[in-house]
Amino acid sequence: MGNHSYRSMEFNNLIDRREFLKISGGISSMIGAGLILGTPSLWAQEQTKQVPPQPPKTNLDGALKVPKTKYSLPGPFPGRVVEVHDSAAMVNDKVNADIVNAMFEKGITNLTGKNLEESFRLFFEKDDVVGIKVNPVGAGFISTHLEVVDAIIAWLRKGGIPAENIIIWDRFDYMLKDAGFTPEHYPGIGIEGLQTMDEEAASGKRKDNSRWLTKEGKHVSTDNFDKDVYYWVDVEGPKDLAYLNQHVFNGKYSYFGKLLTKKLSKIINAAVFKNTGNGISMAAKNIGYGSICNTNRLHRPLFFNVCTEVMAFPVIRDKLVLNITDGLRAQYEGGPMPAPKYAYYYNTLFFATDPFALDMICHNLIIQKRKEMGIKVNEHPAYTAYLRLAERLDLGIASPEKIKHIKI
Amino acid sequence: MKIKTIIIVFLLLSFYLPNQQLELPGDDFVDDWKKNGPLRQFTGSALYNYINGGSELFLEFGFKELLLQKYRKGEDEVSIEAYQMESPESALGIYLMKCGKETPIPEISIRNTGDQYQFMMVKGDYFVLVNNFTAKESLLPVMIKLANITIDRIIDKKPAELFSILPKQQLIEGSELLIRGPYSLQTIYTFGQGDILLLRKKIFGVAGDYKDEKGKIYTRIIIKYPDKAYANKAFNHLFSNLDPYIKILSKDNNSFTFKDYQKKIGIVSLKNNILHIKI
């Protein structure tokens with residue numbers, strides 16, 4: 001396992017973590033025997049019939065009322081997913097940059113039906129400020145490969161975008177560095193995290209919170225988020241310092257990073273091909289959980305739908321023009337943490353303007369791989385419900401029969 | 001007097017040692033390998049600060065403390081993660097959830113699976129990982145040494161025999177799993193939301209895959225509840241809160257059959273304090 005915080009998504013809407021700990025703490029404090037602790041008769045006092053959970057209220061409706069633009073999701077190619085494979089792209093842990101560049105060109109041109117130069121003009125203007133959202137979790141092992149980002153940057157630069165108008169970003173600054181996204185490797189290119197987090201304080205190793213907490217009791221990254229642009233959900237974030245350290249805010253607001261609201265005019269989403277539990281942590285999750293703060297409170301009540309709802313806000317919907325999922329090395333189990341036992345050289349890159357069609361294809365491919373490898377597979381519809389929600393919101397295509405999957 | 005003192009010291013040690021923190025190998029555990037950075041320690045729910053949502057499964061199985069240490073020699077790095085769980089059964093539960101098809105490293109004497117990237121091991125209350133993300137095969141002897149020094153310091157306690165309630169006939173070897181709540185259950189199947197089987201992170205259920213005469217694979221989940229009344233409560237809770245995608249085909253007092261979203265037929269039956277599920 002790596003050395004950072006990871007997110008996984010699972011389907012347990014009814015159990016609040018704190019409540020769960022409280023219950024188990026109470027039970028284990030009683031005297032029990034063998035493998036079963038506690039006094040079952042006490043548990044029987046609880047109601048048997050659960051109240052069906054209602055999703056919490058959000059401000060999604062407000063976002064949906066904003067008229068779409070010509071760049072809005074699902075972009076010019078709804079439901080079109082291009083898969084490019086080259087078995088020589090990554091061998092013995094080494095990525096062949098020339099092959100990745102060739103794969104990139106095939107991917108873009110087969111997606112758009114135009115050459116690279118014309119494709120550039122389809123998505124960008126020369127004065128755009130383009131953010132490349134990478135996934136640095138699992139740094140150096142199952143994170144976005146530098147060679148893929150290099151190919152994207154070369155294309156943008158050739159199209160006329162100056163280096164200073166290209167920004168590689170993620171939610172956490174320190175993860176970018178660990179994954180190799182450094183000024184030394186990318187001279188002149190912006191590298192920005194939406195926030196910092198003091199890992200030593202988070203691990204309890206250091207009691208001093210001054211590295212991340214101001215004297216006024218605010219997170220040092222507070223001003224990196226835009227108080228005017230937010231995803232409001234009627235669920236409170238925990239009040240403890242550990243949560244604040246990791247999530248910057250802890251109320252009912254998840255603010256978008258100012259990088260997205262004030263600086264970037266276009267976004268390229270460079271996710272990684274990997275699972276998270278029974279679902280996937282790819283295009284939608286890379287953006288959905290990477291663009292806002294105060295996210296942990298949202299996992300349980302909204303599950304993967306957070307990704308779709310966040311991407312429905314104009315700050316993402318109207319700027320996210322291209323999605324590339326990096327499957328040079330892929331991981332079918334154990335994710336989103338790096339789990340080498342379940343990783344393999346897939347040597348495949350995926351291209352789409354429609355992140356939801358892309359995720360549906362990749363979800364089905366990872367299920368297929370899990371079955372081939374003898375991993376238990378739970379194909380409950382809850383794990384792809386966020387993709388169908390996206391189709392209902394007219395943000396993308398999720399119905400398999402409407403998706404055109406092109407293999408090169 | 002001397003014998004009395006020895007007995008007292010022995011008794012004190014026998015009480016004290018199981019709770020003592022595991023000491024991970026220090027500098028020079030092999031050749032010139034040195035510790036790289038401080039020992040990191042995560043206790044209880046602080047595990048969220050390390051693996052965030054991934055910690056739910058560990059906590060469900062009774063996670064107590066993680067010790068993490070990196071080691072370096074020149075450009076090479078390996079690391080060890082020792083997860084202390086509340087019991088050998090808990091440690092086995094998390095190991096089985098993580099290990100997949102086991103490929104044991106012969107030089108390691110305890111139950112393990114591994115390759116040049118990572119070893120996973122289980123001994124007593126501990127689930128232990130040794131990592132080498134560069135995958136250099138030349139580091140395998142270092143990983144083995146690191147693993148062996150560490151596991152020698154772990155008290156060997158055998159888990160209770162939980163799998164004896166799983167029928168052996170047609171059982172696919174290596175498919176056995178333990179469940180203890182919603183996170184481990186959802187690896188296998190979704191019956192509904194929350195702790196649908198009322199395992200409460202305390203009651204262990206067992207699961208295994210089977211292959212019938214026609215080659216069809218099915219799964220059994222068997223849970224031995226503490227008493228008949230609680231088993232009955234769990235059965236009723238399951239029936240009353242089934243996932244909306246599950247359709248009941250038939251029901252009597254102690255069993256029901258259902259069809260799921262994949263048109264798979266399942267059977268749930270209760271006999272005394274034991275719940276049997278076949279899907």
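The values are calculated or read from the model by the stated rules, or taken from the named source; none is laboratory data. Not measured: the values here are computed from a predicted model. Virtual Cβ from ideal backbone geometry, glycine too; neighbours counted across all protein chains shown. In case anyone asks, the SASA skips ligands and DNA or RNA and just uses the protein heavy atoms, side chains included. Shrake-Rupley method; radii C 1.70, N 1.55, O 1.52, S 1.80 Å.
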If a residue has to be of a type in the set (A, V, I, L, M, F, W, C) and facing chain A (nearest Cβ under 10 Å) to count, how many in the stretch B:64-73 make the cut?
-> 2
From B:Lys168, B:Lys98, which residue is not hydroxyl-bearing (Ser, Thr, Tyr) and not assigned by TED's automatic domain parsing to the domain that holds B:Arg180?
-> B:Lys98
Being closer than 25 Å to A:Ile375 by Cβ, of a type in the set (D, E, K, R) and within 13 Å of chain A (Cβ to nearest Cβ) narrows B:Arg200, B:Arg180, B:Arg111 down to just B:Arg180
Out of A:Ser5, A:Ser28, sole residue that is surrounded by fewer than 18 Cβ atoms within 10 Å (Cβ to Cβ) and either modelled with pLDDT under 95 or closer than 27 Å to B:Pro88 by Cα (or both) | A:Ser28
Quick one: which residue in B:Thr257, B:Thr187 is open to solvent by 20 Å² or more (accessible area, probe 1.4 Å), of a type in the set (Val, Ile, Thr) and either touching a residue at least 60 places away in the same chain (Cβ under 8 Å) or within 10 Å of chain A (Cβ to nearest Cβ) (or both)?
-> B:Thr187
What number of residues within the stretch A:264-279 are away from chain B (no Cβ under 14 Å) and within 22 Å of A:Ile375 (Cβ to Cβ)?
-> 3
Looking at this structure, is A:Pro355 under 26 Å from A:Ile132 (Cβ atoms) and within 14 Å of chain B (Cβ to nearest Cβ)?
-> no
Of the residues in the stretch A:362-408, how many are modelled with pLDDT of 95 or more and in a loop (DSSP other than H, G, I, E, B)?
-> 8
Does B:Tyr218 satisfy being within 29 Å of A:Thr384 (Cα to Cα), touching a Lys or Arg at 6+ places or on another chain (Cβ under 7 Å) and either open to solvent by 40 Å² or more (accessible area, probe 1.4 Å) or more than 10 Å from chain A (Cβ to nearest Cβ) (or both)?
-> yes
Quickly run through the stretch B:92-142 and pick out the residues that are in a helix (DSSP H, G or I), of a type in the set (Val, Ile, Thr) and under 30 Å from B:Gly205 (Cα atoms).
-> B:Ile94
Give me a count of the residues in the stretch B:221-249 that are assigned to a strand (DSSP E or B) and open to solvent by 60 Å² or more (accessible area, probe 1.4 Å).
-> 4
Can you tell me which residue in the stretch B:41-63 is farthest from the other protein chains (Cβ to nearest Cβ), limited to those that are touching a Phe, Trp or Tyr at 6+ places or on another chain (Cβ under 8 Å) and in a strand (DSSP E or B)?
-> B:Phe63
A:Ser72 fails exactly one of the following numbered conditions: (1) open to solvent by 20 Å² or more (accessible area, probe 1.4 Å); (2) assigned to a loop (DSSP other than H, G, I, E, B). What is the number of that condition?
-> (1)
Is it fair to say A:Gly138 is touching a residue at least 60 places away in the same chain (Cβ under 8 Å) and either at positive phi or crowded, with 18+ Cβ neighbours inside 10 Å (or both)?
-> yes
If you go through the stretch A:318-335 one residue at a time, do you hit one that is within 14 Å of chain B (Cβ to nearest Cβ), part of a strand (DSSP E or B) and more than 25 Å from A:Gly75 (Cβ to Cβ)?
-> yes
Qualifying residues in the stretch B:74-107 (those that are open to solvent by less than 10 Å² (accessible area, probe 1.4 Å) and either hydrophobic (A, V, I, L, M, F, W, C) or farther than 22 Å from B:Arg40 by Cβ (or both)) - the one nearest to the other protein chains (Cβ to nearest Cβ) | B:Cys99
Of the residues in the stretch B:115-147 that are of a type in the set (Gly, Ala, Ser) and over 23 Å from the mean Cα position of the chain (by Cα), the one that is nearest to the other protein chains (Cβ to nearest Cβ) is B:Ala135
Which residues, taken from the stretch A:183-212, are in a strand (DSSP E or B) and either open to solvent by 40 Å² or more (accessible area, probe 1.4 Å) or touching a residue at least 60 places away in the same chain (Cβ under 8 Å) (or both)?
-> A:Ile191, A:Glu192, A:Leu194, A:Gln195
Per the filter on the stretch A:218-250, residues open to solvent by 40 Å² or more (accessible area, probe 1.4 Å) and in a loop (DSSP other than H, G, I, E, B) are A:Lys218, A:Val220, A:Asp234, A:Glu236, A:Lys239, A:Asp240
Can A:Val315 be described as touching a strand residue (DSSP E or B) at 6+ places or on another chain (Cβ under 6 Å), in a helix (DSSP H, G or I) and either open to solvent by 10 Å² or more (accessible area, probe 1.4 Å) or away from chain B (no Cβ under 14 Å) (or both)?
-> yes
Have a look at A:Gly107, A:Gly131 and point out the one that is touching a Leu at 6+ places or on another chain (Cβ under 6 Å), more than 30 Å from A:Ser221 (Cα to Cα) and open to solvent by less than 10 Å² (accessible area, probe 1.4 Å).
-> A:Gly107
With criteria (1) open to solvent by less than 40 Å² (accessible area, probe 1.4 Å); (2) at negative phi; (3) part of a loop (DSSP other than H, G, I, E, B), B:Leu146 comes up short on (3)
All-but-one check, A:Met360 against (1) more than 9 Å from every other protein chain (Cβ to nearest Cβ); (2) surrounded by fewer than 24 Cβ atoms within 10 Å (Cβ to Cβ), failing number (2)
Does B:Lys64 satisfy being touching a Gly at 6+ places or on another chain (Cβ under 8 Å) and either at pLDDT 95 or above or surrounded by fewer than 23 Cβ atoms within 10 Å (Cβ to Cβ) (or both)?
-> yes
